[in-house]
1. Being surrounded by 13 or more Cβ atoms within 10 Å (Cβ to Cβ), at pLDDT below 90, within 30 Å of B:Phe303 (Cβ to Cβ) and in contact with a Leu (Cβ under 6 Å, 6 or more places away or on another chain), is that true of even one residue in region A:11-31?
2. Test A:Pro56 against the stated conditions and say whether it is farther than 20 Å from A:Ala169 by Cβ, part of a loop (DSSP other than H, G, I, E, B), modelled with pLDDT under 90 and not small (Gly, Ala, Ser).
3. Criterion first (more than 14 Å from chain B (Cβ to nearest Cβ), assigned to a loop (DSSP other than H, G, I, E, B) and under 30 Å from A:Cys123 (Cα atoms)) does A:Pro15 satisfy it?
4. If I filter region B:297-315 down to residues being outside any helix (DSSP H, G or I) and under 18 Å from B:Thr213 (Cβ atoms), which single residue comes out as nearest to the other protein chains (Cβ to nearest Cβ)?
5. Looking at (1) closer than 11 Å to A:Cys126 by Cα; (2) surrounded by 17 or more Cβ atoms within 10 Å (Cβ to Cβ), which is the only condition A:Ala76 fails?
6. Checking the condition of a type outside the set (D, E, K, R), surrounded by 19 or more Cβ atoms within 10 Å (Cβ to Cβ) and out of contact with any Cys (no Cβ under 8 Å at 6 or more places or on another chain), which residue from B:Leu320, B:Leu304, B:Leu344 passes?
7. Name the residues in region B:126-156 that are crowded, with 23+ Cβ neighbours inside 10 Å and closer than 28 Å to B:Leu294 by Cα, would you?
8. From the list B:Tyr248, B:Tyr236, B:Tyr271, pick out the single residue that is outside any helix (DSSP H, G or I), away from chain A (no Cβ under 14 Å) and either surrounded by fewer than 16 Cβ atoms within 10 Å (Cβ to Cβ) or not polar (S, T, N, Q) (or both).
Amino acid sequence: MQALTNKAQAVNREPMTFWERLYLINIIKGMFITFSHMFKKQPTIHYPEQKREFSPVFRGLHVLNRDEEGRERCTACGLCAVACPAEAITMEAAERVAGEEGLYREEKYAAKYEINMLRCIFCGLCEEACPKDAIYLSETFAPANFTRKGFIYGKTDLLIPNPKTEASALAMAKGVEA
Amino acid sequence: MTIIAIDWAFIVEKLIMIAIIVFASLGIALYTTFGERKVAAILQDRPGPSRVGPFGLFQPLADGLKLIMKEEIIPNAANKWLFILGPGLAMTASLMTCAVIPWGSAVDVFGRHVALQIADVNIGILYVFAVVSMGVYGIMIGGWASNNKFSLMSSLRAASQAISYELAMGLALIALLMTTGSLSLKTIVEQQITGRYWNIVYQPLGFLLFFITALAECNRTPFDLPEAENELNFGYHQEYSSMKLGFYLFAEYINMIMSSAIMASMYFGGYDLPFFNEASVAPNIAALIGVGTLLIKIVMFIFLFMWIRWTIPRFRYDQLMNLGWKTMIPLALFNLLLTGAVILAKL
């Protein structure tokens, strides 16, 4: 029979010799193999103290971005919701009224913006679809929760801290994420 | 006037010693479980238990607490008394072995000369054999009383394995006894201290046979068929929970310690520290050094047991029986003949 790869090895079907039948030599050989493993480096990462580094292109939990003056960038255009293959994003738009110019960058904003983290497949298509640079995937993942409702993240969970009023919180969040 | 003169101090001395040895062997057994997990982990490139206390040192306490807090379950169809008797018997039998092991020479406490051995019986080894064969009753009764076919199968396996390997073990020992001429463990150890070599030099094949049969007697891998996690659902202790299960597991570890102690005493000089003149230090210190030496030898044997466990897979049942009857017993008989011939030639 022709072998598919060059890795195939013929099985030795000769009867065992006396020394092989004693097993002792092979057992001692095996014991030295396990003994040599005592001095090998352990690949374990001691989780809460040490953390595995994510790849630079890791797609984690979403954040809703603000501009430099702390205004929300999202205009509730709905392109992210359309792009989302898992239909995890819902939003409700509202019109900016006079006096809210410091809060929202454009005339329309998202009054409600929810992502269901149980539906989300973290593909990053929302990030690509967004014309306003409002949604980004960060480098953390959703923490555990006791209820399904807890996984529906609203605006309060998603918005990044205001760089003007909560600069220290933003720096901390960036430090944790980086 | 007294009818029987009782040396009360002697009784107190022995009771204290029994308490120390029983609690010490329980404590060592506790930490042997920890050692087992650590050795297994290190041999498999893992860190092992490391969370409870520094280096995970309190892990056995957490394990013990968990076992005690579990619900005691006695199955409806089980024979209640035998079900409870089983683990107790296994534990008693394994603890009783320690009575004849000489843990050290002797210390002088409050003007008394205290031998570090509970009982220097002149048939010490026979006593050990008798008690060890009692241990299999714990397994058999537990397995039978569980009223579960897997438990019953495994206890049958345990019984047949114990009987097959005890024969070879006894024959290997007889060869040793022919050279020492005594059944008392104390005398055997003293002979090795005063003599030129340890008994391992005179009985290498005997030791190998004894070691392999000891593995089988302790139900350790590669002879752990009675437990056989993946074929028999943990075997004879399948129906057990809480501390009754803990007793079975503990008994296994105590058996391991005791058979290590016996092997160290009979073949490796017991409490004899090689190349060291005991007379050069105070007798009490020499005795303590002896105890430490024996403990180190025991730990080394236990490590060997664990090392084997995490290297070799389990035998198949027919292989086990083949090895026992067709290899071990003929080899033991051959060893017996050889020893007899050498002794005759020397005369």
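The values are calculated or read from the model by the stated rules, or taken from the named source; none is laboratory data. This one's a predicted model, so the numbers in the text were calculated from it and none came from an experiment. For neighbour counting, all protein chains shown are included, and Cβ atoms are generated from backbone atoms with ideal geometry for every residue, glycine included.
1. no
2. The answer is yes for A:Pro56.
3. The answer is no for A:Pro15.
4. B:Ile312
5. In the conditions (1) closer than 11 Å to A:Cys126 by Cα; (2) surrounded by 17 or more Cβ atoms within 10 Å (Cβ to Cβ), A:Ala76 misses (1) alone.
6. Among B:Leu320, B:Leu304, B:Leu344, only B:Leu320 is of a type outside the set (D, E, K, R), surrounded by 19 or more Cβ atoms within 10 Å (Cβ to Cβ) and out of contact with any Cys (no Cβ under 8 Å at 6 or more places or on another chain).
7. B:Val128, B:Val132, B:Gly135, B:Val136
8. B:Tyr271 is the lone residue from the list that is outside any helix (DSSP H, G or I), away from chain A (no Cβ under 14 Å) and either surrounded by fewer than 16 Cβ atoms within 10 Å (Cβ to Cβ) or not polar (S, T, N, Q) (or both).
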